[in-house]
Amino acid sequence: MEALAYLDIHTHNRIEADSSVSVASLSMEEIQQEQTSKKFSSAGIHPWWVEDVSLEEIEKLKGHIENMVKAGRLWGIGETGFDRSYPEFFELQKVLFDWHVDLSENFKLPLVIHNVRSGSDFLEILKKKKPIMPWIFHDFRGNEELVKSLLQLHSSCFFSFGISLDNSPQIRELLPLIPIENIFFETDNQKHLDIHDIYLRAAEQLKVDVEFLKSQIWHNFKKLTPLPQ
Ligand SMILES: [Zn+2]
């Protein structure tokens, strides 16, 4: 039997490692050119971009994203979310996050979420908006309590891990406490991080076989969208 590929749920890199399949998070330039060169792409207005681009440019980016969604060229929406280290942009990030959630719900696409110290903000929004589509928290850095609260409000929350499995003992301890049906792995913007190594590290931590882990992650991935894989 042919070995399964390693699924990378969130990457900004465009060179795929051997035997891996990734969801490409589109850059600002790729969005402007409506360029989706990979099989799986997601597009959103990153919460950091609001520092560098004008409101007019944001509106243009929104238009490009909507075009791609309507043409059926996106697998997911995002990344979008909050970064509490930039309190001056919080209000704008909130308006934009709402826009992304509506797009994800209306077009039935998963949402990829950036969360820096904003766990309680997402809990508030879940209570109000009650979304149905999956929410994938990329590079999740929260604790077990936050995982439980999020899953209680929205059972279709997923938690993705990457470099933190290498450099954070807390995250290594957290991983086995999360239901295995709700996890993913990613390389994000780490140029020298190999997705194979992340799976190896995670398998060790979860005390499972790497092949088993890969098949579990594909199973999780297929639950996210009704699209044929
Ligand atoms: Zn990212």
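The values are calculated or read from the model by the stated rules, or taken from the named source; none is laboratory data. Fair warning: this is a prediction, and the values are worked out from it, not measured in the lab. Every residue, glycine among them, receives a Cβ derived from its backbone with ideal geometry; neighbour counts consider all protein chains shown.
Can you find, within the range 3-33, the residue that is farthest from the ligand (Cβ to nearest atom) among those that are of a type in the set (D, E, K, R) and surrounded by fewer than 16 Cβ atoms within 10 Å (Cβ to Cβ)? Per the criteria, the residue is 18.
Answer with yes or no whether residue 41 is in contact with a Lys or Arg (Cβ under 8 Å, 6 or more places away or on another chain), modelled with pLDDT of 95 or more and under 20 Å from residue 225 (Cβ atoms). Quick ask: steps written out before the conclusion?
On the way: in contact with a Lys or Arg (Cβ under 8 Å, 6 or more places away or on another chain): yes; modelled with pLDDT of 95 or more: yes; under 20 Å from residue 225 (Cβ atoms): yes.
Here the answer is yes, as residue 41 does meet what is asked.
The single condition from (1) farther than 19 Å from residue 139 by Cβ; (2) of a type in the set (D, E, K, R); (3) out of contact with any helix residue (DSSP H, G or I) (no Cβ under 6 Å at 6 or more places or on another chain) that residue 121 fails is (1).
For the range 76-95, check the following and say yes or no: at least one residue is surrounded by 13 or more Cβ atoms within 10 Å (Cβ to Cβ), polar (S, T, N, Q) and in contact (Cβ under 8 Å) with a residue 40 or more places away in the chain.
Taking every residue of the range 76-95 in turn, at least one turns out to be surrounded by 13 or more Cβ atoms within 10 Å (Cβ to Cβ), polar (S, T, N, Q) and in contact (Cβ under 8 Å) with a residue 40 or more places away in the chain.
If you check residue 160 against the conditions, is it within 16 Å of the ligand (Cβ to nearest atom), closer than 19 Å to residue 115 by Cβ and either buried (at least 16 other Cβ atoms within 10 Å of the Cβ) or among the hydroxyl-bearing types (Ser, Thr, Tyr) (or both)? Against the criterion (within 16 Å of the ligand (Cβ to nearest atom), closer than 19 Å to residue 115 by Cβ and either buried (at least 16 other Cβ atoms within 10 Å of the Cβ) or among the hydroxyl-bearing types (Ser, Thr, Tyr) (or both)), residue 160 qualifies. Does the range 187-199 contain any residue that is within 16 Å of the ligand (Cβ to nearest atom), of a type in the set (Ser, Thr, Tyr) and either surrounded by 16 or more Cβ atoms within 10 Å (Cβ to Cβ) or modelled with pLDDT under 90 (or both)? Yes, some residue in the range 187-199 is within 16 Å of the ligand (Cβ to nearest atom), of a type in the set (Ser, Thr, Tyr) and either surrounded by 16 or more Cβ atoms within 10 Å (Cβ to Cβ) or modelled with pLDDT under 90 (or both). Residues considered: 63, 44. Of these, the only one that is small (Gly, Ala, Ser) and under 20 Å from residue 135 (Cβ atoms) is 44. A count restricted to the range 182-194 and to residues that are touching a residue at least 40 places away in the same chain (Cβ under 8 Å) and over 15 Å from the mean Cα position of the chain (by Cα) stands at 2.
Surrounded by fewer than 17 Cβ atoms within 10 Å (Cβ to Cβ) and either in contact (Cβ under 8 Å) with a residue 40 or more places away in the chain or not in a helix (DSSP H, G or I) (or both): is that true of residue 155 in this structure? Walk me through it before giving the result.
Working: surrounded by fewer than 17 Cβ atoms within 10 Å (Cβ to Cβ): yes; either in contact (Cβ under 8 Å) with a residue 40 or more places away in the chain or not in a helix (DSSP H, G or I) (or both): yes.
For residue 155, the condition - surrounded by fewer than 17 Cβ atoms within 10 Å (Cβ to Cβ) and either in contact (Cβ under 8 Å) with a residue 40 or more places away in the chain or not in a helix (DSSP H, G or I) (or both) - is met.
Counting only residues that are surrounded by fewer than 12 Cβ atoms within 10 Å (Cβ to Cβ) and of a type in the set (A, V, I, L, M, F, W, C), the range 46-74 holds 2 of them.
Okay, residues lined up against (1) at pLDDT below 95; (2) among the small types (Gly, Ala, Ser); (3) in contact with an Asp or Glu (Cβ under 6 Å, 6 or more places away or on another chain):
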{"site": "85", "(1), (2), (3)": "yes, yes, no"}
{"site": "90", "(1), (2), (3)": "yes, no, no"}
{"site": "98", "(1), (2), (3)": "no, no, no"}
{"site": "108", "(1), (2), (3)": "no, no, no"}
{"site": "112", "(1), (2), (3)": "no, no, yes"}
{"site": "117", "(1), (2), (3)": "yes, no, no"}
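The set of residues from the range 125-144 being buried (at least 20 other Cβ atoms within 10 Å of the Cβ) and either within 16 Å of the ligand (Cβ to nearest atom) or among the charged types (D, E, K, R) (or both) comprises 135, 136, 137, 138, 139, 140.
Residue count for the range 132-152 satisfying the condition of being among the acidic types (Asp, Glu), outside any helix (DSSP H, G or I) and without any contact (Cβ under 8 Å) to a residue 40 or more places away in the chain: 0.
Quick check on this structure: which one of 215, 156, 160, 164 is polar (S, T, N, Q), within 19 Å of residue 21 (Cβ to Cβ) and touching a Phe, Trp or Tyr at 6+ places or on another chain (Cβ under 9 Å)? Outline the logic, then answer.
Details: 215 fails: touching a Phe, Trp or Tyr at 6+ places or on another chain (Cβ under 9 Å); 156 fails: within 19 Å of residue 21 (Cβ to Cβ); 164 fails: within 19 Å of residue 21 (Cβ to Cβ).
It is 160.
Checking the conditions here, which among 53, 69, 23 is out of contact with any Gly (no Cβ under 9 Å at 6 or more places or on another chain) and in contact (Cβ under 8 Å) with a residue 40 or more places away in the chain? Let's see the steps before the verdict.
Working: 53 fails: in contact (Cβ under 8 Å) with a residue 40 or more places away in the chain; 23 fails: out of contact with any Gly (no Cβ under 9 Å at 6 or more places or on another chain).
Residue meeting the stated conditions: 69.
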